[in-house]
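Chemist: To start, I am sharing the structure in question, which I have written as structure tokens.
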Amino acid sequence: MNDKERLDVLVIGGGPGGTPAALALAQAGKRVLLVEAGRGLGGTCLFEGCIPSKIYREVAARRRECARASEFGLLPSGGGDCAIDWSAVQTRRHRILTQRAQAALAKAKSLKGLEVVFGNARLIGPREALIEGAEGRHCVHFEHAILATGSEPNHLPIPGADLPGVLDSAGLIEIGFIPESLVLVGGGPVGVEMAQIFAMLGARVTLLEAMPRILGPVDSMLAELLAERLTADGIGIHTGVTIESIEGTEDRHAIRFSQGGKSQDVRGQVVAIVAGRHPNVSGLGLETTSIRHDRHGVKVDENLQTHEPGIYATGDLVGNPMFAHWATAQAQAVAHHLLGNEVAFPRPEHNSAVIFSYPELGMAGLTEEAAGAAGEDVGIVEYDYRVDARAQISSDASGRLRIVYRRSDRRIVGIHVLVEGAADLMGEAALAVRHGLTLEELTAAIHPHPTLTEAFGLAPLMVH
Ligand SMILES: Cc1cc2nc3c(=O)[nH]c(=O)nc-3n(C[C@H](O)[C@H](O)[C@H](O)COP(=O)(O)OP(=O)(O)OC[C@H]3O[C@@H](n4cnc5c(N)ncnc54)[C@H](O)[C@@H]3O)c2cc1C
């Protein structure tokens, strides 16, 4: 690309909040430059988030299945647990990540109007950016820009938090061994997922959370049931804690925390701080524009446009909720908006998400608590997966489905599910919430038997 080349759209960040927009715009004939600072297209999600953590979960869950083979009448010839070959796990992780990054790049390269540069982009004014890549520095001029630089792990001001051997989520993903003991600071989705993964892989795990309960914004009954499950599986949970200090050497740490006015110590070979993330605005050159931001993210209007006309922001950079599919939905919406199409921008009350705990916890729309706080008069229908045929067959008969509906018109405003397999139920849940189906419309769909989704048809029958 020549110096001062004029672009229709500059996209900064090749994660789920950037790449889909670049692809959609180039496909529609726009001249687009996508700049990515990392090792490939995919962002946090591919290299240190969604995908690698789920690869580990798959290993952990299969190991667990291995250990309970006899429940199904299977008698493993060697007997006992499956041993773990961590280097084989790493090889498989790298293979999947590389394949996905290469496929994304090949797709980008197949589009005539799209150029991908690996390097850093920095705004140097409302319509200009400086690109620094392997091939040197150059300036581009753009009509529109989409900022999608994602987020970074929070660093807590705890004495000892910067000791070698105290990891963040990216460091934990890269870990070269399964620790004998692991202390996780942060009881959000990442903390809970990692706690169960490493516990299932054989580590002794302790989870420390500052709030009164783990998984704060999640349906409180399901969060409580899941916390009971973690405890039953031997994970030590301490809530309402203040971390006072971390001391130790690279592979032996003591974490001092206070809980209810009492100081205690917990020891761990590895400590990981996974206490949330903050939007990544560093080095973006926002000060050369009218774009405003604070610690929650870049400020945008209902069309995701920043205070600088023509510059948009998507994904983690805009703040919560921080999910890959949410970032992608925003990226698609901005792309179609720039193409002049009528767009319904994604709304948080329609979002869905999965915590890949064991069992999985899926959510779409509002919780009972959030709906109440928004002034809605809501009722709940529940289904207990202990009585469910499919759950019994797979020997995972525990958990609950909770459907939140507005009493006045019986329209569904939220669906929350705790059951192993919940992740793949959330498409139907998201559809019901997005289109405000009534309880009757949900039951009118014929759900196949025996499946976990039957519960969606059965639960509403309880309310007349
Ligand atoms: C451990 C973990 C597990 C997760 N699991 C899930 C999950 O199961 N499901 C889910 O939906 N979400 C999950 N997430 C969240 C998900 O990864 C993020 O919400 C998602 O990646 C956000 O996409 P994004 O495009 O906004 O940002 P990112 O994916 O962070 O992408 C931003 C990109 O911008 C690039 N960049 C930054 N600055 C510049 C610059 N100046 N110039 C050029 N490029 C730049 C970065 O290199 C990066 O590639 C997880 C996160 C973590 C940490």
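Chemist: Considering Cα pairs under 8 angstrom that are at least six residues apart, work out the relative contact order of the chain and quote it in whole percent. Show your work: numbers first, answer last.
Modeler: Working: 971 pairs, mean separation 66.4, N = 464.
Reported as a whole number, the value is 14 percent.
Chemist: Looking at the square roots a ≥ b ≥ c of the eigenvalues of the Cα gyration tensor of the stretch 350-463, which shape do they give, rounded for a/c under 1.5, prolate if a/b is larger than b/c, or oblate? List each step's numbers first, then the result.
Modeler: Numbers: a/c = 1.84, a/b = 1.43, b/c = 1.29.
Prolate.
Chemist: With contacts defined as alpha carbon pairs under 8 Å and 6 or more residues apart, what's the relative contact order of the stretch 18-115 in percent? Walk me through the intermediate numbers first.
Modeler: Values: 68 pairs, mean separation 47.2, N = 98.
Normalised by residue count, the contact order of the stretch 18-115 is 48 percent.
Chemist: Relative contact order of the stretch 322-464: what whole-number percent is it, with Cα pairs under 8 angstrom and at least 6 residues apart?
Modeler: 23
Chemist: Regarding the stretch 22-131, what whole-number volume in Å³ per residue does the convex hull of its Cα atoms give?
Modeler: Numbers: hull volume 15.4 nm³, N = 110.
About 140 Å³ per residue, rounded to a whole number.
Chemist: Starting from the Kirkwood radius over alpha-carbon pairs of the stretch 71-194, derive D by Stokes-Einstein at 4 °C in a medium of 1.567 mPa s and give it in µm² s⁻¹. Each step should come with its number before you reach the end.
Modeler: Working: Rh = 20.0 Å.
For these conditions, the coefficient is 65 µm²/s.
Chemist: Give me the aspartates and glutamates in straight-line cross-link reach of Lys30: C-alpha distance below 16 Å, same-chain residues under 8 apart excluded.
Modeler: Within reach: Glu5, Asp8, Glu115, Glu143.
Chemist: Let me ask you something else. Using 7 Å Cα-to-Cβ label points, what is the Thr249/Leu458 separation (nm, one decimal)?
Modeler: Simple spin-label model gives 5.6 nm for this pair.
Chemist: Could I ask something else about it? Residue by residue through the stretch 328-337, which ³J(HN,Hα) values in whole Hz follow from phi under the Karplus form 6.51 cos²θ - 1.76 cosθ + 1.60 (θ = phi - 60°), with glycine and proline marked x?
Modeler: 5, 4, 5, 4, 5, 5, 5, 4, 5, 4
Chemist: Once Rh is set to the Kirkwood radius over Cα pairs, what Stokes-Einstein translational diffusion coefficient, in µm²/s, holds for the chain at a temperature of 37 °C and a viscosity of 0.692 mPa s?
Modeler: On the way: Rh = 23.9 Å.
Rounded to a whole number, D works out at 137 µm²/s.
Chemist: Full extension from Ala106 to His447: what is 0.36 nm times the residue separation minus their Cα-Cα distance, to one decimal in nm? All intermediate terms of the calculation are to be shown ahead of the outcome.
Modeler: Numbers: separation 341, 0.36 × 341 = 122.76 nm, distance 3.89 nm.
Stretched out fully, the Ala106 to His447 stretch lengthens by 118.9 nm.
Chemist: Next question. At a Förster radius of 35 Å, what calculated FRET efficiency corresponds to the Cβ-Cβ distance of Arg63 and Glu5, to the nearest 0.05?
Modeler: Working: r = 52 Å, r/R0 = 1.49.
After rounding, the FRET efficiency stands at 0.10.
Chemist: What does the charge add up to near Arg256, with Lys and Arg as +1, Asp and Glu as -1, over the other residues with Cβ less than 10 Å from its Cβ? Show your work: numbers first, answer last.
Modeler: On the way: positive: none; negative: Glu244, Glu247, Asp265.
Around Arg256, the charge tally is -3.
Chemist: Next question, about the same structure. On full extension of the chain, what length is gained from His155 through Leu75, given 0.36 nm per residue of separation minus the C-alpha to C-alpha distance? Can you show the working numbers first?
Modeler: Values: separation 80, 0.36 × 80 = 28.80 nm, distance 4.73 nm.
Here the segment from His155 to Leu75 would lengthen by 24.1 nm.
Chemist: Next up: Using helices alone, I'd like the mean residue ellipticity at 222 nm for the chain: each DSSP H run of four-plus residues gives -39500 (n - 2.57), total over residue count, nearest 500.
Modeler: Numbers: 13 runs with 133 residues, N = 464.
It comes out at -8500 deg cm²/dmol, rounded to the nearest 500.
Chemist: In what sequence, highest mean first, do 203-215, 258-270 appear when ranked by Cβ atoms within 10 angstrom?
Modeler: Numbers: 203-215: 19.8, 258-270: 13.8.
Listed from highest to lowest mean packing, they are 203-215, 258-270.
Chemist: How charged is the neighbourhood of Leu339? Take every other residue with its Cβ under 11 Å from the Cβ of Leu339, and add Lys/Arg as +1 and Asp/Glu as -1. Please list the in-between numbers first.
Modeler: Working: positive: Lys30; negative: Asp8, Glu342.
Within the 11 Å Cβ shell, the charges total -1.
Chemist: Net charge around Gly150, counting only other residues with Cβ within less than 13 Å of its Cβ (Lys, Arg = +1; Asp, Glu = -1)?
Modeler: Details: positive: Arg277; negative: Glu36, Glu48, Glu152, Asp316.
For residues surrounding Gly150, the net value is -3.
Chemist: Could you give the nm distance between label points at Leu163 and Thr288, where each point is 7 Å from its Cα heading toward the beta carbon?
Modeler: Placing both labels 7 Å along Cα→Cβ, they lie 4.2 nm apart.
Chemist: So, one more: Using alpha carbons only, how many angstrom separate the centre of the stretch 425-464 from the centre of the stretch 342-418?
Modeler: Taking the Cα centre of each part, the stretch 425-464 and the stretch 342-418 sit 11 Å apart.
Chemist: Pop the C-beta distance of Glu342 and Phe177 into the FRET formula with R0 = 45 Å and round what comes out to the nearest 0.05.
Modeler: Values: r = 53 Å, r/R0 = 1.17.
Computed FRET efficiency for Glu342 and Phe177 comes out at 0.30.
Chemist: Residue by residue through the stretch 210-222, which ³J(HN,Hα) values in whole Hz follow from phi under the Karplus form 6.51 cos²θ - 1.76 cosθ + 1.60 (θ = phi - 60°), with glycine and proline marked x?
Modeler: Karplus values, whole Hz, x for Gly and Pro: 6, 7, x, 9, 6, 6, x, x, 7, 2, 5, 5, 5.
Chemist: Kirkwood hydrodynamic radius for the stretch 166-275: how many Å is it when counted over pairs of different Cα atoms? Provide the component values of the computation, followed by the final result.
Modeler: On the way: mean 1/r = 0.0723 Å⁻¹.
About 13.8 Å for the stretch 166-275.
Chemist: I'd like the Karplus ³J(HN,Hα) series for the stretch 163-172: coefficients 6.51, -1.76, 1.60, θ = phi - 60°, whole numbers in Hz, and an x wherever there's a Gly or Pro.
Modeler: Working through the residues one at a time gives 5, x, x, 9, 9, 10, 4, 5, x, 5 Hz.
Read the figures in this text as sums done on the coordinates, not as results from a lab. All of these numbers come straight from a predicted model, not from anything done at the bench. Positions of Cβ are backbone-derived with ideal geometry, glycine not excepted, and every protein chain shown enters the neighbour counts.
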